[in-house]
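Engineer: Here you go, one structure.
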Amino acid sequence: MKIYKYTWGNGTKAESLYGRVEVKAKMPKGGGMWPAIWMMRTNRREIGWPLCGEIDIMEFIGNHPTDLYGTIHYPDTTSKQHKSQDGKINDTSLSTTFHVALLEFIKDTYKAWRKTHNASFAFST
């Protein structure tokens with residue numbers, strides 16, 4: 001098994017084989033806003049994106065104020081093109097209430113879910 005090293009959007013670095021990341025956030029209001037909480041492997045400078053992969057634990061688009069997205073970006077080893085899997089949760093209180101976003105690393109699966117409404121989607125590797 002390989003332990004992957006990840007970097008967060010603010011430059012913080014961590015490494016993990018399995019585990020859980022939990023973030024509590026309230027989304028801003030307004031079109032043009034695009035906050036995200038994401039992780040990218042630390043070898044991005046050496047191999048580039050999307051080969052390094054990217055996990056968006058939470059992504060919010062201000063012009064879609066009731067939608068909260070989670071996405072995993074990765075390379076297709078056959079076509080060498082970018083692929084992604086995503087999920088969306090609909091909630092009218094994203095800008096008025098704090099919500100907890102989680103990402104769990106389980107053997108061969110990443111599971112993203114929102115603790116606030118117990119909604120989830122899974123990505124298999």
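Engineer: If packing is taken as the average count of other Cβ atoms within 10 Å, what order do 24-32, 97-105 fall into, highest mean first? Provide the component values of the computation, followed by the final result.
Structural biologist: Numbers: 24-32: 12.4, 97-105: 16.9.
In descending order of packing, they fall as 97-105, 24-32.
Engineer: On to the next question. For the range 32-115, report the % of Cα-Cα distances exceeding 22 Å. Display every interim value, and only then the final one.
Structural biologist: Working: 1111 of 3486 pairs.
Across the range 32-115, Cα pairs with separations above 22 Å total 32 percent.
Engineer: May I pose another question? Which pairs break 32 Å Cα to Cα here: 26/80; 26/83; 29/107?
Structural biologist: Details: 26/80 36 Å; 26/83 29 Å; 29/107 37 Å.
From the list (26/80; 26/83; 29/107), the Cα-Cα distance tops 32 Å for 26/80; 29/107.
A short reminder: the numbers here are calculations on the coordinates, not readings from a lab. These numbers come from a predicted model, not from an experiment. Every residue, glycine among them, receives a Cβ derived from its backbone with ideal geometry; neighbour counts consider all protein chains shown.
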